[in-house]
Each structure stands twice: as structure tokens, then as C-alpha cells.
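What follows is a single structure, written as C-alpha cells, with notes after it.
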Amino acid sequence: MNLSKKLSELIAAHMSRPGNISEGPHEADFVMSGLRAAGSANMITRRKILSDISDVLHCKSEELEFLFTEFSMPVTTAQNYEVMVPDFQSQLLAIAE
């Protein structure tokens, strides 16, 4: 079989039109994003996120809690660092004087 013919058949079978991959269901994106967010959220926020996800999956939110029971990730706050940014304007003015 000719490779270009096989490629044409694959494109016709798996793409909505040549060059464009058909979009996946939006629900899957929502579930994956929600689970990522729930992984680093505090317990109250995690329960709210799991409630929304359970609505999409047509299940109880308690049925999804097993995803986080063994892998509880502590919520860490970002540390603040003092950053010194050079003031180029004042240096240029000093040079110009």
C-alpha cells in the first residue's frame, strides 16, 4: 500500500478535516483541570471542586475522595523574596550630568 494513500486514510478517519484534529469533549478538560487544582487546594476548596467534578461524572463527591486520601499534598505557600531591580534611568541621568 502506498504510504501517502495510507496517510490520507488515517487523516480521513481520525480528523474532522485534513489538518485539524477534532476537539475532545470539554467535560474531560474540566475534570482533568479540576483534579489538578484539587491536588494543591485546601480541604474546603477540594471538597467544593470534587462536588463540581462529581456533577459532571454523575457520581457522589465522596466517591472521588480516594484520589487524595493516600497522596495528601500539603499546601505550601510561596516564599517572598526581596528583589533589587537596577534603576537604569538614574544611572543614565548620572552619566549624562
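The values are calculated or read from the model by the stated rules, or taken from the named source; none is laboratory data. Note that the coordinates shown come from a computational prediction; the quantities given were computed from them, not determined experimentally. Virtual Cβ from ideal backbone geometry, glycine too; neighbours counted across all protein chains shown. We work out accessible area using only protein heavy atoms, side chains counted, and drop any ligands, DNA or RNA first. Shrake-Rupley method; radii C 1.70, N 1.55, O 1.52, S 1.80 Å.
Can you tell me which residue in segment 59-78 is modelled with the highest pLDDT, limited to those that are surrounded by fewer than 10 Cβ atoms within 10 Å (Cβ to Cβ) and in a helix (DSSP H, G or I)? Filtering first and then ranking leaves PHE66. Considering segment 37-58, and only residues there that are without any contact (Cβ under 8 Å) to a residue 12 or more places away in the chain and touching a helix residue (DSSP H, G or I) at 6+ places or on another chain (Cβ under 7 Å), the residue that is most open to solvent (accessible area, probe 1.4 Å) turns out to be SER51.
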